1. What do you get for the angle between helix B:14-28 and the principal long axis of chain B? Use alpha-carbon atoms, 0 to 90 degrees, nearest ten.
2. Just tell me how shielded B:126-138 is by partners: mean number of partner chain Cβ atoms within 10 Å of each residue's Cβ, no decimals.
3. Find the all-direction average of the projected area of the Cα convex hull for region B:255-326, expressing the result in square nanometres with one decimal place.
4. Taking the beta-carbon count within 10 Å as an exposure proxy, list B:345, A:31, A:273, A:344 from fewest neighbours to most.
5. Distance check, please: which entries in A:85/A:282; A:29/A:239; A:310/B:62; A:263/B:371; A:84/A:210; A:162/A:197 exceed 19 angstrom between their Cα atoms?
6. Of all trypsin sites (Lys or Arg not before Pro) in region A:1-110, which ones are in loop regions per DSSP and have a Cβ with at most 15 other Cβ atoms within 10 Å?
7. Order of A:246, A:307 from fewest to most other C-beta atoms within 10 Å?
8. Is the shape of region B:66-288 best called rounded, prolate or oblate, per the rule: a/c under 1.5 gives rounded, else a/b larger than b/c gives prolate, else oblate, with a ≥ b ≥ c the square roots of the Cα gyration tensor eigenvalues?
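Values quoted throughout were computed directly from the atomic coordinates according to the rules given, and no laboratory measurement underlies them. Being a predicted model, the structure only gives us computed values, none of them experimental. Here the Cβ positions follow ideal geometry from the backbone for every residue, glycine too, while neighbour counts run over all protein chains shown.
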Protein chains: 2
Amino acid sequence: MPRLATRTQTIVSSPIRRIAALLDEARRKGDIISFGGGAPSLPPPQEVVEYIAEALKRYPQKTVAYGSTRGMIELRELISQDLKKYWGVSYDPHEEIMIVNGGTEGIYLALGAILEPGDEVILIDPTYVGYSEPIRLFGGRVRYVPVRVEEGYQPKIEDLEKVVSPLTKAFILLSPDNPTGRIVTDKFVSDLVRLAKEHDFWIIFDAVYKHITYGRQTPWVDAYPGARERTITIHSFSKEASIPGFRLGYVTGPPEVIEAMEKIKQYVSLAPDTPGQIAMIKFYENGIKERYLNEVVIPTYRRRRDFMYKAIQEYLPEAKTTLPEGAFYFFVDLRPYLEAMGRDDEEFANRLLYRKSVVVIPGKYFGEMGKGHVRMTFVSESEERIEEGLKRMNAYITSYL
Amino acid sequence: MPRLATRTQTIVSSPIRRIAALLDEARRKGDIISFGGGAPSLPPPQEVVEYIAEALKRYPQKTVAYGSTRGMIELRELISQDLKKYWGVSYDPHEEIMIVNGGTEGIYLALGAILEPGDEVILIDPTYVGYSEPIRLFGGRVRYVPVRVEEGYQPKIEDLEKVVSPLTKAFILLSPDNPTGRIVTDKFVSDLVRLAKEHDFWIIFDAVYKHITYGRQTPWVDAYPGARERTITIHSFSKEASIPGFRLGYVTGPPEVIEAMEKIKQYVSLAPDTPGQIAMIKFYENGIKERYLNEVVIPTYRRRRDFMYKAIQEYLPEAKTTLPEGAFYFFVDLRPYLEAMGRDDEEFANRLLYRKSVVVIPGKYFGEMGKGHVRMTFVSESEERIEEGLKRMNAYITSYL
């Protein structure tokens, strides 16, 4: 066999694959309670499903035809109206919006459009497992800003200032956050934009959980003076329309960035999924999106979140966590227990699955600062089973102590 | 705005985008006859469409759920059986097959898995417009092997030997070919495999048109002794199942390559489209695929091919071309006319659209050797309209001479 490229050795696939392996292992077992997944747990809106099923039957050829690289202009126009309505910011559907094959492709293309070898990208630690490797694929280096449960997992601008350097090319902001559920403060974004202007770096604003919030909204980076020309925002339909299998999202940014991303996208995926785009045109019709989010998704997830919060306090009284303001997860500091047990978070997760059939994700997969923590999704199980899961965690820990 | 990456300047988007612009322009006009597109012109099999529409309605959540990066194992098992049946080669569905988001992603990941900066990749000239830029994105360089209409657009092993060097990392073979419709000979593949072994380079076998043939089948690279360990084969459901909008294909290769491609894919697209995969599971059921190809697709396309061949001979008697053995296209050498008209192929295509509302694709988009040629799709129009289009081409040329 001829040689493979060095890049395939330097990037690691472990966190995503280890999570997937854990979930696979879980599925093979019988009565498992999963706090592991990161996917929505509700079906997509009924009207959307019926619309696309009908379109496939009545206009099969058109519904599965090739589309253009930037995506259907009808959909981009609806997105533009929707962004204006929610965030008060106008985006040109022709020049400033591009449909992508999921938030993952959005991140990849954004990094591809801006990174030179040697450039540095600053991430918050802990953070989503999908940022560091594409940064490395494009030759970039990663720097970290730590956050802690005691401070509500809020990043501090002083910590960011410490790692900013002439090599800084971008900062990635995920708000609401995975794994912590944190929404950053207005003050932080305002300081971040000032810093980005001073040091001329990009802000990649990953807003894939923007509609999954339980009170306060996330600050909108582009709404801050001077932010537009240095911000690329990543959106996903996976979370807000519960259609992850269609691999569909979109990106906003300055026209030059969209143009650069489109160039790369031609050779990465050519075009986004057509049936998914047609389904999302329906999603924006007649308040379907608002009804779905306000009457189905948010009430369900909020109820489970509140329930799990109480259950954590009751069954894991020594653990520390914060009530998530958005997204799907509690990020729980288990160090008081783990230290007493003499186990790290990964051993804990593996044993908990083996002994009690409960899935949690080891915090160290999300970064150095995640050590001793676990991520627990609250959207996948009913209240009853959330309680059962926490009881089992309690029983497992108690059996040790 | 902070700086963009240099790579976004060095790659060109022109051919694909210029073709798209030409087709957009054409759609805005009234009665146009399109020999331009590269997409299938038939709806997908009815059973497949109804199956996926039903799945969406009955199991919406499951049908649009996240899948794994390599794709659904059920589908990979069916693919493995299908490849065995058609080509007599066994591929392990776990280790040697990966589902990708279209042939485009397959090419991208294959190049990403093998190319180091400075590596050379040999292409045939003219060739598909989507190879050279992803090669450059990964830092590779392109070398060319010319083919000519007088030799049936068949590549010669001597020409390949001339450009092979210690820097050669891969050769890309597209058979059946776009834009020429050529299927390479057994002798060529056998010599190619020998050369690849001697000089230790990869063969990327782009087999996206493998089922779109009108007589002889393409030689199957992996069936040649010693080829398996150095061949990556790219497949697409877009052409054989007429579902380009689902962005779905697959790749076969040695386990190490599949592993390396999967690593990159995690950060490029995370997973392939789930509804499309479910649809393709149905495609392999109960001979649906065979009936669709043998009774619908091939007879329709062959009739149109034969008709266009005669029409070219009748209305463009000075033009030179070959009867395509596969794929969707005639690649027509118009130099006798163009020289007399004092126009190049791009000017000819633009003026033909403007004056006669007929779309053809300029040959120079496919490479230096394509100058003076045009690509004409025969699958998009009925026989009657094919004749009308050729009449218009004749009238346009005659008005000049």
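1. With rounding to tens, the tilt is 60 degrees.
2. Values: counts 0, 0, 0, 2, 3, 1, 1, 4, 4, 1, 1, 6, 3.
Across B:126-138, the average partner-chain Cβ count within 10 Å equals 2.
3. Numbers: hull surface 34.6 nm².
Projected area, direction-averaged: 8.7 nm².
4. Values: B:345 24, A:31 7, A:273 31, A:344 17.
Final ranking by Cβ density, sparse to dense: A:31, A:344, B:345, A:273.
5. Working: A:85/A:282 17 Å; A:29/A:239 27 Å; A:310/B:62 30 Å; A:263/B:371 24 Å; A:84/A:210 14 Å; A:162/A:197 16 Å.
Result: A:29/A:239; A:310/B:62; A:263/B:371 exceed 19 Å.
6. Working: sites: A:3, A:7, A:17, A:18, A:27, A:28, A:29, A:57, A:58, A:62, A:70, A:76, A:84, A:85; in loops: A:3, A:29, A:70.
Hits after loop and neighbour filter: A:3, A:29.
7. Values: A:246 28, A:307 18.
Fewest-to-most Cβ neighbours within 10 Å comes out as A:307, A:246.
8. Values: a/c = 1.70, a/b = 1.36, b/c = 1.26.
Cα axes put region B:66-288 in the prolate bin.
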